[in-house]
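Heads up: the structure comes next, in C-alpha cells.
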Amino acid sequence: MSEVKQSRLFSRRQFLAAVGSTAAGAALLAACAPAAPSSAPATSAGGQAAPSAEKATVRAHMVQKQDVSDWIQMGLDQDIDGFVSSNPDIEIALETIPGWTAEYIPKILSFAAAGSLGDAVWFPPRHRSHAAWGVSYGIVTDLNPLADSAGYDMNANFFAGANAANSYEGKQYWMSFISEPIVPVIAYNKTKVNEMGIGEPSDDWTFDELAAWAQSGTTDDTFGYYAADRAYLGFSGAPFLRQFGVEQVDEEGKRATFLDTQEQFVKALQFDYDLTNTWKVSPSPAAGAVNAPELFGGQKVLAVDIWPFRIQIYPATFTDFEIDFVLTPVVNKGDARRSMLNEHVFGLTTSSANPDAAFKFLTWIAGKEMNVQGVIQGQKGPIARADFWADDRVYEQEPTYAKLRPIMESIEADFLVANFRGEEYDNALHAVYEAMILGEKTPEQAANEIQDACQAVLDKEPA
C-alpha cells in the first residue's frame, strides 16, 4: 500500500506497548502463547525416542464460532474431500479465541509481538479493513507466489469480485471462506399474506410496488414491511444505495461521493423515511431497538430484508407458518441488480513455519466440497466459487440459493475506506440516518449531513 510503508509496521517494542509491557501484559502474552506439549516424546525399550513420521503442524487462529471453527473441525472429523487421509504429513491445530474482533485482534497482535504467531489467520473485513489490519501490521503474506508454486489458479477458483476484494496493490492477501451478497432477499410470511389476500411479492418488483404492497398489508397489529437487516445503511444498506445509483466513496476511498448523485441519494433516503414516518408500514426505533426476528417470528411484520444465513435459519426456527423469499426490489423495471460482497476470509502469516502445508489447508477450507457440505449440512454460508454455485446439491437443500446465483456470478466488491476506519465510517453514517428515521431530520438535511460526517472520518489519519 502506497501510504503504508515500513514505518507503519509494528516493531516488537510497539506490539509489547500495545498489549502492555507490565506484568499484566506479560501475563496476557503467556496466556496467548501456544500450550506446551502435554507429554514427553515416546521412547523405545532401549531408552531412545521411537521413530515417527514427521508432520508439518499448521496452527490456524480464528474466533470460536459455529460457522468458522466448529465447521472446520467438523470437516476434519468427517475427512471431507479426503483432506486428512490425503495429507498424513499435515497436522491441523485450530487455535480458537472466544468472542469477536475486540477479543481476537489484540490476541493476534500479541502473538506477533511475542514471536509466536501461527500459520493462518481469520478476519471478517469491512470496507477492505483486512488490508489495513493484515498488511500494514505485517501479519499476512501475498498468496500469489504460493498459488503459482502449487499450480493453483485464483481466478479460476473464485469470482472476480472476491479476488478484487481480497487484493491490494496487485497482491492477494486473503482467500474467501464465507462469501455472500449483502442482504439480497426479503423473507415473507407466505401463510399470512395469502390469508390476507394481498398477493405475494415478486422477484421483479420495484421499490414503489413493495411500498404499495406493504401499505395494503399493514393493519392495527401488523406491519407490512421492515428493512431489518439492511437498515444499517453504510454496510448492509450499501447495495440498496447502489441500486439507486449511489456510490458512497470514490475509487481511492478518500472522498465521500453521496452528493455526486444527490438527487438519487435523497430519493433513497426519502423511501426509507416514508416507510416509517409517512406510510407507517415499518416499526419505528423511537421506542427502542427494533427486534426484527422477534417481530417476524411473532407474525407482527409480514416481510423483512435478511442476510443469506437466515434463509436456512428462519424456516427451521419459525415453524408456525410458511416462509418464502423474494429478491430485493429495483428502482425501475428491468434495472440491473446491484450488489456488494460480505466475507469471512483467511490468510497466511508472514511468519508461517509451514507455508506450503498452510496453503493446502486454505485451499481445502475454501474448496468446493467443504463449502457445499457446509451449506447442505446447515453449518455455514456460501462461498464465491463458480463450482459451488454450479452444484445442484446446493439447490436441492436450499432452493432460494438459485435466486442468488446470478448475483454472485457478477458480485461487486466492497468499497474502500482508504484509512481503514470502516466501522467508524459506518457508525457516523448510521447516526444521521437513524435521526432521520426518527423524524428529527428531513431526507435533504440527512443527505448533506451524511456527506459531511463520512468525509470527516475519511479525512482522519489511517487507523
Mind listing P(r) for region 362-407? All alpha-carbon pairs, 5 Å bins, whole percents. 5, 24, 38, 23, 8, 2
What net charge do the residues around residue 129 carry, taking every other residue with its C-beta under 10 Å from that of residue 129, with Lys and Arg at +1 and Asp and Glu at -1? +1
Cα-based equivalent ellipsoid of region 89-190: semi-axis lengths in Å, sorted from largest, via gyration tensor: 25, 21, 15
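Evaluate the charge dipole of region 386-431 about its Cα centre and quote only its size in Debye, nearest 20, assuming +1 on the Cβ of each Lys and Arg and -1 on the Cβ of each Asp and Glu.
120
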Restricting attention to the alpha-carbon atoms of region 327-378, what are Rg (one decimal) and Dmax (integer), both in Å? 17.9, 55
Once you keep just the Cα pairs under 8 angstrom separated by 6 or more residues, what percentage relative contact order results for the chain? 24
Could you tell me whether region 214-341 comes out rounded, prolate or oblate from its Cα gyration tensor? Rule is a ≥ b ≥ c as square roots of the eigenvalues, rounded for a/c under 1.5, then prolate if a/b exceeds b/c, otherwise oblate. prolate
Round to the nearest 0.05 the FRET efficiency obtained for residue 101 and residue 212 when R0 = 51 Å and r is the Cβ-Cβ distance. 0.80
Looking only at lysines whose Cα falls under 28 Å of residue 65's and that sit 8 or more positions away or on another chain, we get 55, 107, 360, 368, 380, 403
Suppose all protein chains stay in the model; what accessible area per residue would a 1.4 Å probe give for the chain, in Å²? 42
Scoring only Lys, Arg, Asp and Glu (+1, +1, -1, -1) among other residues with Cβ under 14 Å from the Cβ of residue 308 yields -1
Separation of the residue 309 and residue 427 label points, Cα + 7 Å toward Cβ, nm: 2.1
Using the Cα atoms of the chain to build a convex hull, what is its mean projected area in square nanometres? 25.4
Placing +1 at every Lys and Arg Cβ and -1 at every Asp and Glu Cβ, with all other atoms neutral, what dipole size does the chain have around its Cα centre, in debye to the nearest 20? 1200
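Calculate for the chain the 222 nm mean residue ellipticity that helices alone would give, adding -39,500 (n - 2.57) per DSSP H run of length 4 or more and normalising by residue count, nearest 500 deg cm²/dmol.
Details: 21 runs with 187 residues, N = 463.
Estimated from H runs of four or more residues: -11500 deg cm²/dmol.
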If you consider only alpha-carbon coordinates, what radius of gyration and Dmax does region 361-463 have, in Å? 19.8, 52
Within the under-13-Å Cβ sphere about residue 270, not counting residue 270, Lys/Arg +1 and Asp/Glu -1 give a net charge of -3
Counting only protein heavy atoms and a 1.4 Å probe, tell me what percentage of region 331-445's accessible area is made up of carbon and sulfur. 45
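The values are calculated or read from the model by the stated rules, or taken from the named source; none is laboratory data. A quick note: this is a predicted structure, and the numbers were derived from the prediction, not measured. Note: ideal-geometry Cβ built from the backbone for every residue, glycine included; neighbour counts use all protein chains shown. Just the protein is used for accessible areas: all its heavy atoms, side chains included, with ligands, DNA and RNA removed. Shrake-Rupley method; radii C 1.70, N 1.55, O 1.52, S 1.80 Å.
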